[in-house]
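Reading through the structure tokens given below for one structure.
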């Protein structure tokens, strides 16, 4: 965002594909950046927590969540709710 502001962009809409949408959601939640005016999700993942658990393996996923990831799981659940509320059927 600072890079864009240095180039006279003061109002930005971010677009994220797949897990890029989760990263930009995390950015918005953690920074509350007022320059960010909107988010656009392109091809968002569904049921991200289950997907990550399957990809990492149940044991590793559970360990990460127990040690440091409760906020991430809560964020993933929030993003999934936002996506399901704002998905436009084509």
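Candidates are the residues of region 22-61 that are assigned to a loop (DSSP other than H, G, I, E, B) and modelled with pLDDT under 75; the one that is surrounded by the most Cβ atoms within 10 Å (Cβ to Cβ) is 44.
Taking every residue in region 42-59 that is at positive phi and pairing it with any residue that is in a strand (DSSP E or B) and modelled with pLDDT of 70 or more, at least 6 positions away or on another chain, the pairs with Cβ-Cβ distances below 7 Å are 43/17.
Answer yes or no: is there a residue in region 2-21 that is in a helix (DSSP H, G or I) and at pLDDT below 80. Looking for residues that are in a helix (DSSP H, G or I) and at pLDDT below 80, one finds at least one in region 2-21, hence yes.
The values are calculated or read from the model by the stated rules, or taken from the named source; none is laboratory data. The structure displayed is predicted, hence computed values, not measured ones. Note: ideal-geometry Cβ built from the backbone for every residue, glycine included; neighbour counts use all protein chains shown.
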